[in-house]
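These notes are about the structure you will find just below.
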Amino acid sequence: MVRPTGRPTARPIRGGGYVAAGYPAEAYNYTEPGLDLNSYIIGNKRHNGCVWATDLQMTGEGIAYGDLVVCDSSLHGRPGAIGLYRADGAFTLRREVRRPDGLVLAGLDERVAPIAVASDQVLERIGIVTHVVKKFSVYRNNYGGLPEDAGRYVRQGMDYARYLIPEGHWPVTFYLWAAGESMSGDGISTGDLLLVDNTVEAYDDSILVFVVDGQFTLKRIVRRRGYNELVSSNPAIPPIRIAQGAELERWGVLTGVVKEVFKRGNDDVVRPSGRQ
């Protein structure tokens, strides 16, 4: 469990508009205000925490191994909300399902058996999951997946902005909003916040933002039969073949994704019984 402490990075990143994951969106015609990542992710700093997804009990529905799962302990559950629980000393992610016979905690992966909650049963819920942070391995010189010393992060806290954007890359990092489902195989869906670096080197497994005929699109690029093709991670979406001699502009490399999985409302906040 990680609790942000001290002052998180308050440095806005520039916005570039929308990028379609499926059908290209018109490029260059959007202007977005700057965005402070920590303000976007942290709804209540005092009650914010996070943990890395490390096993089957914490993956599924777009949450993959190594993702950073952000929760808020000041929120109470609502039907369909994902909660972070601790059972037998281990973390688990469960979706709350209300049934006529009571509350059921369903796993996000179909292989995880649901838990029927008895009326007198006490569960340790860490908080309601609000965001999922995905960090892609394009910064090869300083990316190693999960932290080697998790205890250090627990003691010092988490600055999500610094976790996602290394020093020196702020001026060349932009954010975009995803629209479409063509990259759903990578856990990217409509409404996700995408971080794009204009200068970082791309690798074979990198996801890139291209400009094709004046339009943004989010894809991987592969060489097939003498042609460049922009391919999706959703098998239902056909590739885009780039004609020989056609100009293909690489706009940037995807470095991170922030998924908002719970939108806070006034009725979702737990009201304290006494003075704060």
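The values are calculated or read from the model by the stated rules, or taken from the named source; none is laboratory data. Because the structure is a prediction, the values reported are computed rather than measured. Cβ coordinates were reconstructed from backbone atoms using ideal geometry, including for glycine residues, and neighbour counts include every protein chain displayed. Note: areas computed on protein heavy atoms with side chains; ligands, DNA, RNA excluded. Shrake-Rupley method; radii C 1.70, N 1.55, O 1.52, S 1.80 Å.
Could you list, in sequence order, the residues of segment 70-127 that are β-branched (Val, Ile, Thr) and more than 24 Å from the chain's Cα centre (by Cα)?
Looking only at segment 70-127, we keep the residues that are β-branched (Val, Ile, Thr), and these are 70, 82, 92, 97, 104, 112, 115, 117, 122, 126.
Hits for segment 70-127 are 104, 115, 117, 122.
Just to be sure, is residue 272 at pLDDT 90 or above and part of a loop (DSSP other than H, G, I, E, B)? Full working, then the answer.
On the way: at pLDDT 90 or above: no; part of a loop (DSSP other than H, G, I, E, B): yes.
Criteria not met by residue 272.
All conditions in (1) open to solvent by less than 10 Å² (accessible area, probe 1.4 Å); (2) part of a loop (DSSP other than H, G, I, E, B); (3) not charged (D, E, K, R) hold for residue 190, with the sole exception of (1).
The residue pairs whose first member lies in segment 228-247 and is in a strand (DSSP E or B), whose second member is open to solvent by 90 Å² or more (accessible area, probe 1.4 Å), and whose beta carbons are closer than 7 Å, counting only pairs six or more residues apart or on different chains, are 229/241.
Spot the failing condition for residue 43; the list is (1) of a type outside the set (Phe, Trp, Tyr); (2) touching an Asp or Glu at 6+ places or on another chain (Cβ under 9 Å); (3) more than 30 Å from residue 208 (Cβ to Cβ); (4) free of Cβ contacts under 8 Å to residues at least 60 places away in the same chain, and only one is missed. Evaluating residue 43 over (1) of a type outside the set (Phe, Trp, Tyr); (2) touching an Asp or Glu at 6+ places or on another chain (Cβ under 9 Å); (3) more than 30 Å from residue 208 (Cβ to Cβ); (4) free of Cβ contacts under 8 Å to residues at least 60 places away in the same chain leaves (4) as the failure.
Let's see how each residue does on (1) at pLDDT below 85; (2) aliphatic (A, V, I, L, M):
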| residue | (1), (2) |
| --- | --- |
| 213 | yes, no |
| 231 | no, yes |
| 237 | no, yes |
| 240 | no, yes |
| 255 | no, no |
| 258 | no, yes |
| 262 | no, no |
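Which of (1) free of Cβ contacts under 8 Å to residues at least 60 places away in the same chain; (2) assigned to a loop (DSSP other than H, G, I, E, B); (3) not aromatic (Phe, Trp, Tyr) does residue 78 not meet, given it meets every other one? In the conditions (1) free of Cβ contacts under 8 Å to residues at least 60 places away in the same chain; (2) assigned to a loop (DSSP other than H, G, I, E, B); (3) not aromatic (Phe, Trp, Tyr), residue 78 misses (1) alone.
Quickly run through segment 215-227 and pick out the residues that are out of contact with any Ser or Thr (no Cβ under 9 Å at 6 or more places or on another chain) and in contact (Cβ under 8 Å) with a residue 60 or more places away in the chain. Break it down into steps so the answer makes sense when it comes.
Within segment 215-227, the subset out of contact with any Ser or Thr (no Cβ under 9 Å at 6 or more places or on another chain) is 215-216, 222-227.
Within segment 215-227, 215, 216 meet the criteria.
If the condition is being at pLDDT 85 or above and crowded, with 21+ Cβ neighbours inside 10 Å, then segment 18-37 contributes only 37.
With respect to residue 15, determine if the residue is in contact with a Leu (Cβ under 9 Å, 6 or more places away or on another chain), open to solvent by less than 30 Å² (accessible area, probe 1.4 Å), modelled with pLDDT of 75 or more and within 22 Å of residue 208 (Cβ to Cβ).
Working: in contact with a Leu (Cβ under 9 Å, 6 or more places away or on another chain): yes; open to solvent by less than 30 Å² (accessible area, probe 1.4 Å): yes; modelled with pLDDT of 75 or more: yes; within 22 Å of residue 208 (Cβ to Cβ): yes.
Yes.
For segment 38-68, filtering for residues that are in contact with a helix residue (DSSP H, G or I) (Cβ under 7 Å, 6 or more places away or on another chain) and under 26 Å from residue 98 (Cα atoms) leaves 0.
Is it true that residue 63 is within 21 Å of residue 136 (Cα to Cα) and touching a Leu at 6+ places or on another chain (Cβ under 7 Å)? Steps first, please.
Working: within 21 Å of residue 136 (Cα to Cα): yes; touching a Leu at 6+ places or on another chain (Cβ under 7 Å): yes.
When the stated conditions are applied, residue 63 passes them.
Only a single criterion out of (1) of a type outside the set (Gly, Ala, Ser); (2) touching a helix residue (DSSP H, G or I) at 6+ places or on another chain (Cβ under 9 Å); (3) farther than 19 Å from residue 263 by Cβ is not satisfied by residue 110, namely (2).
Looking at segment 158-168, which of the residues that are surrounded by 16 or more Cβ atoms within 10 Å (Cβ to Cβ) and either under 15 Å from the mean Cα position of the chain (by Cα) or touching a residue at least 60 places away in the same chain (Cβ under 8 Å) (or both) is farthest from residue 252 (Cα to Cα)?
Step one: list which residues in segment 158-168 are surrounded by 16 or more Cβ atoms within 10 Å (Cβ to Cβ), which gives 158-161, 163-166.
Those left that are additionally either under 15 Å from the mean Cα position of the chain (by Cα) or touching a residue at least 60 places away in the same chain (Cβ under 8 Å) (or both): 158-161, 163-165.
Numbers: 158: 26, 159: 24, 160: 21, 161: 19, 163: 19, 164: 16, 165: 14 Å.
Within segment 158-168, the match that is farthest from residue 252 (Cα to Cα) is 158.
Taking the criterion of being buried (at least 20 other Cβ atoms within 10 Å of the Cβ), of a type outside the set (D, E, K, R) and in contact with a Lys or Arg (Cβ under 9 Å, 6 or more places away or on another chain), the residues of segment 175-187 that qualify are 175, 182, 183.
Residue count for segment 203-222 under the criterion of being under 20 Å from the mean Cα position of the chain (by Cα), assigned to a loop (DSSP other than H, G, I, E, B) and surrounded by fewer than 22 Cβ atoms within 10 Å (Cβ to Cβ): the result is 2.
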